[in-house]
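To keep things clear, I will list the structure first and then write my remarks on it.
Quick note: the coordinates plus some simple rules give every number you see, no bench work behind them. Here the structure is a predicted model, which means the values were calculated and not measured. Methodologically, a virtual Cβ is constructed for each residue, glycine included, from the backbone with ideal geometry; neighbour enumeration extends over all protein chains shown.
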Amino acid sequence: MTKTERVGAIALKEWRLNLRFPTEYFAANLFGPVKSALLMCLIYGGFLRSEGSHFGMVAHDNYALYVIVGTTCHSLLSNCVYVLVSKLVTEKWWQTVVATLISPASALELVLGFLIGSGGLHVAFATAITLIITLFHPISWSALLMVLYMMFLLSLLGFGVGLFGAMLNLCFEGKAFLFDYCVQGIIFMSCFYYPIELLPHALRGIPHFLPTYYMGVVVHDCFLSGYSPSFLAVAGGLTVFCVLILGLSTLLFDYAVRKFGIVGY
């Protein structure tokens with residue numbers, strides 16, 4: 001088998017395994033963000049009882065839209081970060097999946113197959129949810145394309161960060177908890193489902209150092225305010241950053257696996 005055939009075989013295997021119980025899988029991934037948004041909507045609804053009240057850009061007439069858009073971004077990033085950790089560590093397919101191939105696969109081929117087969121599904125679900133949202137809240141084509149591109153960048157960044165986490169789990173057993181704390185902190189400080197104005201003043205500078213915050217801001221602005229040409233410059237900078245993170249994580253993963261090997265699995 002060629003490299004392309006091995007990657008395709010792994011991706012196809014992942015696709016079929018994920019969809020072996022399609023009803024449960026679709027329900028968990030399509031309605032997961034909606035379920036997560038319900039609590040936030042109840043909280044916002046309690047505080048925004050009057051039409052004149054607001055929290056930053058969140059007001060009485062848009063808080064439901066703000067929350068469901070934010071939780072979609074949140075779910076996509078979280079799923080993309082942990083898809084490799086789930087496949088390579090929790091389910092321990094690092095060893096078993098290679099045995100199903102005619103010829104052995106390298107670490108990077110295995111990772112790429114997992115990303116296409118499982119990570120690609122999460123991107124597809126986020127895209128589907130975004131399109132469903134636009135049925136109830138139409139936006140311009142330029143705004144929709146920018147939202148979908150931001151979702152794509154979120155997935156790239158999630159894959160890059162997740163690859164680093166998978167490397168810690170596989171090569172440095174016992175250190176992964178530090179990664180989990182950092183990821184949860186980044187997701188929380190990205191302000192996906194609440195405006196930055198709700199943070200204490202001492203913490204409001206932190207989100208401005210996170211690319212995920214700017215992705216969330218662009219997505220929210222596209223839905224609440226409409227498309228702006230200034231988003232192109234933001235998208236360009238974020239694209240370079242995400243590609244660099246994914247590339248560096250790939251090189252680091254490959255180096256660590258070859259130098260330190262896989263421990264504890």
Quiz item: What length, rounded to one decimal in nm, is gained on full extension from ASP254 through to PHE55, with 0.36 nm per residue of separation minus their alpha-carbon distance?
Solution: 67.1 nm
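Quick one: net charge of LEU252's neighbours, Cβ under 12 Å, K/R +1, D/E -1?
Neighbour charge sum, excluding LEU252 itself: +1.
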Quiz item: Using θ = phi - 60° and the Karplus curve 6.51 cos²θ - 1.76 cosθ + 1.60, what whole-Hz ³J(HN,Hα) does each residue of region 124-141 get, with Gly and Pro shown as x?
Solution: 5, 5, 4, 4, 4, 5, 4, 5, 5, 4, 5, 5, 8, 9, x, 10, 5, 4
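If I stretch the segment between LEU12 and SER230 completely, what's the gain in nm (0.36 nm per residue apart, minus their alpha carbon distance), one decimal?
Between LEU12 and SER230, full extension yields an extra 74.5 nm.
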Self-check item: Under Karplus coefficients 6.51, -1.76 and 1.60, residue-wise ³J(HN,Hα) of region 155-163 in Hz, glycine/proline x
Solution: 5, 4, 5, x, 5, x, 5, x, 5
